[in-house]
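Written below as C-alpha cells is the structure these notes are about.
The values are calculated or read from the model by the stated rules, or taken from the named source; none is laboratory data. Everything numeric here is computed off the predicted structure, so don't read it as measured data. No Cβ is skipped: glycine too gets one built from the backbone with ideal geometry, and neighbour counts run over all protein chains shown.
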C-alpha cells in the first residue's frame, strides 16, 4: 500500500466543485438580479402602486423635500396642495400620495439583496459571495496541470476574456 499525497490541483477541483454546487442557488439569484438591474431605470416588469404617507400638516416645501429619499421638486401649489412628479402633498391633512413603480415581490427582494450595503444585514453574504467568486476565478487556473492541452487552450480563453474585460472597462 502506497501513501500518496493528493495533488493540490485535485484538491482545488474538489473545493471548486462542491462550492459551486453549494452556491448554485445564490449564483442564479445574482445572475437574474444582475440582468434585471440593467433595466432599473425603466418600468420593465414594474407595476404602478399608489402609496399614502402621513406627515405633519403644514410642512414647507423645503421640509417636504427632506422627507423623501430622492427629494421632490414642487411643480405647483394649488389650494394648499403641493404637486410634484408622481404625487402630491396636502398641507392641511399632512397626507402625501405617491405613485411608485415597483417590481413584483420576489424580484424586488432579489434586487435588494444584490444591492446590499453595510446598512443591510445581507452585506456579509455579499462579501462572502464576492470572495467565493474570486476563488472560482483563481481556482480555475489550478483545475488542470500546465502540461495538459486543456490548460493551454484555457489560457487562450482567459487571455481573450481579460482583453474583452479591458475593452469593456475603457470604452
_Which numbered condition in (1) touching a helix residue (DSSP H, G or I) at 6+ places or on another chain (Cβ under 8 Å); (2) within 26 Å of residue 44 (Cα to Cα); (3) surrounded by 12 or more Cβ atoms within 10 Å (Cβ to Cβ) is the only one that residue 154 fails?_
(2)
*For the stretch 116-125, indicate whether the set of residues that are modelled with pLDDT of 90 or more and not assigned by TED's automatic domain parsing to the domain that holds residue 35 is non-empty.*
no
*Of all residues in the stretch 53-82, count the ones that are within 11 Å of residue 96 (Cβ to Cβ) and assigned to a strand (DSSP E or B).*
4
*State which residue is surrounded by the fewest Cβ atoms within 10 Å (Cβ to Cβ) when the search covers only the stretch 101-130 and only residues that are in a loop (DSSP other than H, G, I, E, B) and in contact with a strand residue (DSSP E or B) (Cβ under 9 Å, 6 or more places away or on another chain).*
104
_Residue among 98, 133 that is under 25 Å from residue 42 (Cβ atoms) and outside any loop (DSSP other than H, G, I, E, B)_ = 98
